[in-house]
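Trainee: Take this structure first; my questions come after.
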Amino acid sequence: MRLRIVLAGDTMLGRGVAETLRVQKPESLVSPEVVSFARDSDFVFLNLECCISERGTKWLDPYKPFFFRAPPIAVKTLQHLGVRCVTLANNHALDFSEEGLLDTFEHLKEEGIAYVGAGKNLEEARAFRVFTVAETSLAIVAFSDHPEDYAAKEDKPGIAYADLRGGVDRWVREAVSTARKSAEIVLVSPHWGPNMVDSPLPYIRDAAEELKHAGATLIAGHSAHVFHGVKDGILYDLGDFLDDYATHPILRNDLGLLFRVVIEGGNILRIEALPLHLDYCYTEMAREEDWEWIRNRFTSACAEFGTEVHVEGELLVIESPNYRKDTQETK
């Protein structure tokens, strides 16, 4: 059975986005064309880079510059996009302490949206989730390599933390391997590496290969705030999807991609990327010069890994030689 998974990067619904939600409907934050692309799939997954709560106090860290908290109505934005699951394994899940994180769990559950990468204790935070999608079993493993202070403990809420400085933590490899025995497709979603780098650092590349060896079908990373190239089912960084962030004049984190991955029989057949323009608290399709900039940058970033990109209408596409568009069947 053919499965289409949409992957969105960092989605921050607090601060300026939260203020926008006070005066606009939650369905107004993303253009109809982008919503249509997302919903034309079997499964939508993204990195939720904030807590959803009206409670909690800021995490006590004098060096932490940003704290993101979204109002409960923000869940409606996720529903409008067709989101089935989010990862909370990132450096903003506990911005408003345990109360904010626990509220996030409840608000997501109330609206039927699953989460991975965080939990009420260590076991729950590290647990992978299995979904049945289009008659196919899909397992999702999520973790973050920062900050260690946000890590869940045996009896303490937090995120699934994994130190990558000496290679991939054993628990992550075991989770991926076990997930592989439980599902036909294993999606691994790491929040890894520093912000604002234009390509994955060497240790990220090494970690990605370890995850593939452990049994990952597809890797969808995030943290850099800018999209990176793609290699053999490794999307090193999805970039940003929706936020109020300042724009870097060179790296252009206001220009992004929304990915749709086509998988059949456990094999990735095709990756489609829709170019995006991220305005202040509003995401729409990229046009003209912005579209050209994204095409050039993505083509170059993928070429670094020997991956070819071609254009189909508004989309940037990577295809496996086993994909046949004419018959929609594999060879």
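Trainee: Given the condition touching a strand residue (DSSP E or B) at 6+ places or on another chain (Cβ under 7 Å), part of a loop (DSSP other than H, G, I, E, B), among the hydrophobic types (A, V, I, L, M, F, W, C) and closer than 30 Å to GLU264 by Cα, answer yes or no: does some residue in region 1-14 qualify?
Mentor: Among the residues of region 1-14, at least one is touching a strand residue (DSSP E or B) at 6+ places or on another chain (Cβ under 7 Å), part of a loop (DSSP other than H, G, I, E, B), among the hydrophobic types (A, V, I, L, M, F, W, C) and closer than 30 Å to GLU264 by Cα, which makes the answer yes.
Trainee: Just give me the residues in region 1-24 being over 24 Å from ASN253 (Cβ atoms), open to solvent by 10 Å² or more (accessible area, probe 1.4 Å) and either of a type in the set (A, V, I, L, M) or touching a Lys or Arg at 6+ places or on another chain (Cβ under 8 Å) (or both), in sequence order. Walk me through how you get there before you give the answer.
Mentor: Initial filter on region 1-24 (over 24 Å from ASN253 (Cβ atoms)): 1-4, 22-23.
Next, from what is left, pick out any that are open to solvent by 10 Å² or more (accessible area, probe 1.4 Å): 1-2, 4, 22-23.
Within region 1-24, MET1, ARG4, VAL23 meet the criteria.
Trainee: Counting only residues that are farther than 22 Å from PRO194 by Cα and crowded, with 22+ Cβ neighbours inside 10 Å, how many does region 47-57 have?
Mentor: If we filter region 47-57 for residues that are farther than 22 Å from PRO194 by Cα, which is where we start, we get 52-57.
With the extra rule that they be crowded, with 22+ Cβ neighbours inside 10 Å, the set shrinks to 52-53.
Within region 47-57, residues that are farther than 22 Å from PRO194 by Cα and crowded, with 22+ Cβ neighbours inside 10 Å number 2.
Trainee: Checking the conditions here, which among ALA246, ALA208 is assigned to a loop (DSSP other than H, G, I, E, B) and out of contact with any His (no Cβ under 9 Å at 6 or more places or on another chain)? Before the answer, list the steps.
Mentor: Details: ALA208 fails: assigned to a loop (DSSP other than H, G, I, E, B).
Exactly one residue qualifies, and that residue is ALA246.
Trainee: Further, regarding this structure: Answer yes if at least one residue in region 264-273 is over 18 Å from the mean Cα position of the chain (by Cα) and assigned to a loop (DSSP other than H, G, I, E, B), and no otherwise.
Mentor: Yes, there is a match, as at least one residue in region 264-273 is over 18 Å from the mean Cα position of the chain (by Cα) and assigned to a loop (DSSP other than H, G, I, E, B).
Trainee: Return the pair list, or none, for Cβ contacts closer than 8 Å from residues in region 292-305 that are closer than 18 Å to ARG205 by Cβ to residues that are exposed (fewer than 13 other Cβ atoms within 10 Å of the Cβ), at least 6 apart or on different chains.
Mentor: Going by the 8 Å Cβ cut-off, the qualifying pairs are CYS302/GLU308.
Trainee: Got a sec? Which helices (runs of 4 or more DSSP H) wholly within region 58-151 have at least 2 residues that are open to solvent by less than 20 Å² (accessible area, probe 1.4 Å) and either in contact (Cβ under 8 Å) with a residue 12 or more places away in the chain or of a type outside the set (Asp, Glu) (or both)? Give the derivation first.
Mentor: Values: elements: 75-81, 97-110, 122-126.
In region 58-151, 75-81, 97-110 are the helices (runs of 4 or more DSSP H) which contain 2 or more residues that are open to solvent by less than 20 Å² (accessible area, probe 1.4 Å) and either in contact (Cβ under 8 Å) with a residue 12 or more places away in the chain or of a type outside the set (Asp, Glu) (or both).
Trainee: Something else about it: Confirm whether PHE298 is assigned to a helix (DSSP H, G or I) and of a type outside the set (S, T, N, Q).
Mentor: Values: assigned to a helix (DSSP H, G or I): yes; of a type outside the set (S, T, N, Q): yes.
Answer is yes for this residue.
Trainee: Here's something else I'd like to know. Exactly one condition in (1) open to solvent by less than 30 Å² (accessible area, probe 1.4 Å); (2) outside any loop (DSSP other than H, G, I, E, B) is not met by GLU292; state its number.
Mentor: (1)
Trainee: Would you pick out the residues in region 58-115 that are in contact with a helix residue (DSSP H, G or I) (Cβ under 9 Å, 6 or more places away or on another chain), closer than 27 Å to ALA139 by Cα and acidic (Asp, Glu)?
Mentor: ASP103, GLU110, GLU111, listed by residue number.
Trainee: Hey, another quick one. Please indicate, with yes or no, whether at least one residue in region 111-118 is at pLDDT 95 or above, small (Gly, Ala, Ser) and under 17 Å from VAL172 (Cβ atoms).
Mentor: Checked against the condition, which is being at pLDDT 95 or above, small (Gly, Ala, Ser) and under 17 Å from VAL172 (Cβ atoms), region 111-118 yields at least one hit.
Trainee: Something else now. Restricted to region 125-152, and to residues that are in contact with a strand residue (DSSP E or B) (Cβ under 8 Å, 6 or more places away or on another chain) and among the charged types (D, E, K, R), which residue is nearest to HIS222 (Cα to Cα)?
Mentor: Among residues in region 125-152 that are in contact with a strand residue (DSSP E or B) (Cβ under 8 Å, 6 or more places away or on another chain) and among the charged types (D, E, K, R), the one nearest to HIS222 (Cα to Cα) is ASP145.
Trainee: Among (1) out of contact with any Cys (no Cβ under 9 Å at 6 or more places or on another chain); (2) over 23 Å from GLY233 (Cα atoms); (3) among the acidic types (Asp, Glu), which single condition is ASP103 missing?
Mentor: Of everything listed in (1) out of contact with any Cys (no Cβ under 9 Å at 6 or more places or on another chain); (2) over 23 Å from GLY233 (Cα atoms); (3) among the acidic types (Asp, Glu), ASP103 misses just condition (1).
Trainee: Filtering region 210-243 down to residues that are in contact (Cβ under 8 Å) with a residue 12 or more places away in the chain and more than 17 Å from the chain's Cα centre (by Cα), which residue is most open to solvent (accessible area, probe 1.4 Å)?
Mentor: Quick first cut of region 210-243, residues in contact (Cβ under 8 Å) with a residue 12 or more places away in the chain only: 210-212, 214-243.
Going one step further and asking which of them are more than 17 Å from the chain's Cα centre (by Cα), we end up with 210, 212, 214-215, 232.
Numbers: GLU210: 61, LYS212: 62, ALA214: 22, GLY215: 13, ASP232: 113 Å².
Ranking the candidates gives ASP232 first.
Trainee: Same structure again: Give THR283, THR327, THR307 a once-over and let me know the one that is surrounded by fewer than 18 Cβ atoms within 10 Å (Cβ to Cβ), modelled with pLDDT of 95 or more and either closer than 17 Å to PHE227 by Cα or out of contact with any Gly (no Cβ under 6 Å at 6 or more places or on another chain) (or both).
Mentor: Numbers: THR283 fails: surrounded by fewer than 18 Cβ atoms within 10 Å (Cβ to Cβ); THR327 fails: modelled with pLDDT of 95 or more.
Of THR283, THR327, THR307, the one residue that is surrounded by fewer than 18 Cβ atoms within 10 Å (Cβ to Cβ), modelled with pLDDT of 95 or more and either closer than 17 Å to PHE227 by Cα or out of contact with any Gly (no Cβ under 6 Å at 6 or more places or on another chain) (or both) is THR307.
Trainee: Further question on the same structure: Which of (1) of a type in the set (Gly, Ala, Ser); (2) within 19 Å of GLY112 (Cα to Cα); (3) under 20 Å from the mean Cα position of the chain (by Cα) does SER53 not meet, given it meets every other one?
Mentor: Of everything listed in (1) of a type in the set (Gly, Ala, Ser); (2) within 19 Å of GLY112 (Cα to Cα); (3) under 20 Å from the mean Cα position of the chain (by Cα), SER53 misses just condition (3).
Trainee: List the residue pairs whose Cβ atoms are under 6 Å apart, where the first residue sits in region 34-46 and is in contact (Cβ under 8 Å) with a residue 12 or more places away in the chain and open to solvent by 20 Å² or more (accessible area, probe 1.4 Å), the second is small (Gly, Ala, Ser) and outside any strand (DSSP E or B), and the two are 6 or more positions apart or on different chains.
Mentor: Listed pairs, sorted by first residue: ARG39/GLY82; ASP42/ALA134.
The values are calculated or read from the model by the stated rules, or taken from the named source; none is laboratory data. Remember, it's a predicted structure, so these values are computed and weren't measured experimentally. Every residue, glycine as well, gets a Cβ built from its backbone with ideal geometry; the counts of neighbours run over all protein chains shown. SASA here: full protein model, heavy atoms, side chains in, ligands and nucleic acids out. Shrake-Rupley method; radii C 1.70, N 1.55, O 1.52, S 1.80 Å.
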